[in-house]
1. Could you go through segment 18-31 and let me know if any residue there is over 11 Å from the mean Cα position of the chain (by Cα), part of a helix (DSSP H, G or I) and exposed (fewer than 13 other Cβ atoms within 10 Å of the Cβ).
2. List, please: which pairs have Cβ atoms under 6 Å, are six or more places apart or on different chains, and start with a residue in segment 26-53 that is modelled with pLDDT of 85 or more and of a type in the set (A, V, I, L, M) and end with one that is surrounded by 10 or more Cβ atoms within 10 Å (Cβ to Cβ) and not in a loop (DSSP other than H, G, I, E, B)?
Amino acid sequence: MLGVKASWLRRKAAARAIPCTFLGKHLRFSRADLEAIITAGEQSPRQKRHRSG
């Protein structure tokens with residue numbers, strides 16, 4: 001559904017960078033959590049400014 005590896009989800013969840021619920025050692029994602037992750041992924045990433053020097 002998200003098109004990412006499980007390891008990516010675990011890493012982001014552990015860093016509290018994506019919405020999720022921890023139940024002991026287990027991660028759970030509600031439909032609202034998944035929709036928020038998808039919406040955040042659809043936003044275009046910031047472009048880095050390149051200095052001309």
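1. Yes, there is a match, as at least one residue in segment 18-31 is over 11 Å from the mean Cα position of the chain (by Cα), part of a helix (DSSP H, G or I) and exposed (fewer than 13 other Cβ atoms within 10 Å of the Cβ).
2. Filtered contacts from segment 26-53: L27/A13.
The values are calculated or read from the model by the stated rules, or taken from the named source; none is laboratory data. Keep in mind that what you see is a predicted model, and the values were worked out from it rather than measured. Glycine also receives a Cβ, built like all others from the backbone with ideal geometry; neighbour counts cover every protein chain displayed.
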